[in-house]
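Working notes for the structure below.
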Amino acid sequence: ASVSADGHEDFLECLSEEFHNYPSISNVTYTPINNSSSYSSILRFSIQNLRFTSESTPKPLVIITPEHESQIPPIIHCAKDSEVQIRTRSGGHDYEGLSYVSPVPFIILDLINFSEITVDAVNKTAWVESGSTIGSLYYRIAEKSPVLGFPAGVCPTVGVGGHFSGGGYGNLLRKYGLAADNVIDARLIDVNGRILDRQSMGEDLFWAIRGGGGASFGVILAWKVQLVDVPERVTVFTVQKTLEQNASRLIHRWQYVASKFDEDLFIRIIIARANSSSSQTGGNNVTLNASFNSIFLGGVDRLLPMMQESFPELGLVREDCTEMSWIESILYFDGFPIENREVLLNRTQRSVRYFKAKSDYVQTPIPEFALEGIWRLFFEPEADEAVVIFSPYGGRMDEVPESSIPFPHRAGNLYKIQHLVYWEKEEDQNSGRYLSWIRRLYGYVAPYVSRFPRAAYINYRDLDIGMNRNEGRTSYAEANVWGMKYFKGNFERLVRVKTMVDPRNFFRNEQSIPSLREEI
Ligand code: FDA
């Protein structure tokens, strides 16, 4: 890995001057030279994508895991002085590794020690420090109340620092919108080292960090969120259909109904390859499996007639359904035994693989023949571990105006697609064949998804849709290419906020918001 020794020494020298009264910072400062085994294990700890773990992946000069917020302003000051970039990492789930990889000299500010969560069940709010995971937030809420929840992502190890700042959605999306829609206050350290809350940062900056990606604007320390009501019992089901069981027709139909269901009902579809044994050929055939994976915010007695009326083709019966508490449904969706709640506190992912993802928004139903074209791509060898996930919109998402927060994908979207391809071996990374497969899939669906712009979700970060040059000035025109896809008309306002709060563009990465005054 190429690291500049100069930047490294300047930065550490500056830190030791800044911290001569605070020797504790050295206990949480890791360099490849002084404490190489801790450095490597801390670097690796929250990495979720093996694409960014090779020898040739650029490594940070230093990793700092501060324990107190007062330690962060001097780190920002020294990074500016020694011209090294800061990558802030909370949960490390960035799809393109932007929280821990940079092509220019950089340090990682890892907020793993900022993981306190304070739930106020009476006022239905919580303060959540950025290094907390969403699993631990769910756990702490359920500890206080069985009828409160929070509308964020599915996988418990996702960090709230990145997740809420990019939007953040999960199975409560149709009822309550995004995590970012439910943020009511935040604490942030700006480029000048000031610690700000909603009132002192002002409504523009507070708007920008709820969906515009936190990394462009400063270091977010904590969020205050509005908790939401959930019933004591919810109902979950997963109905699986193969192509032979008419999956294509059901998926086609689902596109017409899923965004129009009662907002208590969320049915997503996970489509992947499956082996089915065929009695006719006596062997194993490859087929596709569509899992209709659902949560209903109510009991089975209310769900069944609703399904009978709106989506009878799925043939849902009582035996497919299980009633449970909301916190148990979190475990169910992630494939854990529902009795084992403590796993929500575990920060390590069960399986970490190489992967590449992309996202799309669908505004008119994809014709059945085109769905079948997608399935044909799934029979290619690179798709053995590929997945597409269709997540319905509608409900609350249709009611929130596009400019309410930077996340703009609201009314008019039937559902979102996440395209994912995984692989196991480093040599497949080098050959690029999986990347080229997912790019072909993305090319294939182009005529059927949103256009002008072809919209994308920032939390499913994809550098293929455009990126800034990392060195020199960040061009507005270049950033506008990917910026319109993530933010549509909100991109302009994000640029204005960035220009106001970080004019010299210190907080930057391959997809950070540009400042119009960078050259000053
Ligand atoms: P990470 O620490 O990598 O940060 C992501 C970005 O935010 C980086 O640019 C980083 O610098 C910046 N950042 C992080 N902390 C910051 C802070 N405190 N201040 C300023 N900037 C900060 N999404 C979703 O909406 N629903 C879902 O169900 C899932 N599920 C899911 C599962 C798995 C296995 C993965 C890998 C990812 C998801 N995601 C998701 C995507 C997830 O929302 C996205 O990757 C988030 O940005 C992750 O936030 P982390 O803090 O974990 O990432």
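The values are calculated or read from the model by the stated rules, or taken from the named source; none is laboratory data. What you are looking at is a predicted structure, and each value in this text was computed from that prediction instead of being measured. Neighbour counts run over all protein chains shown; Cβ positions are idealised from the backbone, glycine included.
Worth a mention:
- Where strands (runs of 3 or more DSSP E) sit wholly within segment 349-464, those with at least 1 residues that are under 24 Å from residue 493 (Cα atoms) and of a type in the set (Ser, Thr, Tyr) occupy 354-362.
- Considering segment 96-106, and only residues there that are of a type in the set (A, V, I, L, M, F, W, C) and within 12 Å of the ligand (Cβ to nearest atom), the residue that is farthest from the chain's Cα centre (by Cα) turns out to be 106.
- Within segment 486-509, tally of residues that are farther than 12 Å from residue 208 by Cβ and touching a Phe, Trp or Tyr at 6+ places or on another chain (Cβ under 9 Å): 1
- For segment 145-156, taking the residues that are more than 13 Å from residue 180 (Cβ to Cβ) and more than 7 Å from the ligand (Cβ to nearest atom), the one that is surrounded by the most Cβ atoms within 10 Å (Cβ to Cβ) is identified as 149.
- In segment 321-348, the residue that is farthest from the chain's Cα centre (by Cα) out of those that are surrounded by fewer than 18 Cβ atoms within 10 Å (Cβ to Cβ) and within 24 Å of residue 416 (Cα to Cα) is 335.
- So residue 82, is it surrounded by fewer than 22 Cβ atoms within 10 Å (Cβ to Cβ), touching a helix residue (DSSP H, G or I) at 6+ places or on another chain (Cβ under 8 Å), more than 19 Å from residue 467 (Cβ to Cβ) and hydroxyl-bearing (Ser, Thr, Tyr): yes
- Output for segment 191-219, where each listed residue is away from the ligand (no atom under 13 Å from the Cβ) and either modelled with pLDDT under 95 or among the hydroxyl-bearing types (Ser, Thr, Tyr) (or both): 200
- The number of residues in segment 495-520 that are within 16 Å of the ligand (Cβ to nearest atom), closer than 24 Å to residue 108 by Cα and of a type outside the set (D, E, K, R) comes to 9.
- Within the option set 129, 116, being within 15 Å of the ligand (Cβ to nearest atom), more than 14 Å from the chain's Cα centre (by Cα), surrounded by fewer than 21 Cβ atoms within 10 Å (Cβ to Cβ) and among the acidic types (Asp, Glu) holds for one residue only, 116.
- Which listed residue, of 103, 74, 60, 66, is in a helix (DSSP H, G or I) and either surrounded by 14 or more Cβ atoms within 10 Å (Cβ to Cβ) or touching a residue at least 40 places away in the same chain (Cβ under 8 Å) (or both): 74
- The residue that is surrounded by the fewest Cβ atoms within 10 Å (Cβ to Cβ), among those in segment 168-185 that are more than 9 Å from the ligand (Cβ to nearest atom) and small (Gly, Ala, Ser), is 177.
- Which numbered condition residue 188 fails, given (1) at positive phi; (2) near the ligand (Cβ under 9 Å from one of its atoms): (1)
- Inside segment 350-393, residues that are within 24 Å of the chain's Cα centre (by Cα), over 15 Å from residue 438 (Cβ atoms) and hydrophobic (A, V, I, L, M, F, W, C) make up a count of 3.
For (1) under 22 Å from residue 316 (Cα atoms); (2) not small (Gly, Ala, Ser), each residue gets a yes or a no:
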| residue | (1), (2) |
| --- | --- |
| 225 | no, yes |
| 231 | yes, yes |
| 237 | yes, yes |
| 240 | yes, yes |
| 254 | yes, yes |
| 259 | yes, no |
| 265 | yes, yes |
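- Only residues that are outside any helix (DSSP H, G or I) and modelled with pLDDT of 95 or more were counted across segment 33-46, and they come to 0.
- Residues that are in contact (Cβ under 8 Å) with a residue 12 or more places away in the chain, in a helix (DSSP H, G or I) and either among the charged types (D, E, K, R) or surrounded by fewer than 20 Cβ atoms within 10 Å (Cβ to Cβ) (or both), drawn from segment 466-480: 476, 478
- Every pair of residues 6+ apart whose Cβ atoms lie under 7 Å, when the first sits in segment 301-319 and is under 18 Å from residue 260 (Cβ atoms) while the second is β-branched (Val, Ile, Thr) and part of a helix (DSSP H, G or I): 310/257; 311/257
- Residue ID - farthest from the ligand (Cβ to nearest atom), chosen from residues in segment 78-95 that are over 28 Å from residue 331 (Cα atoms) and in a strand (DSSP E or B): 85
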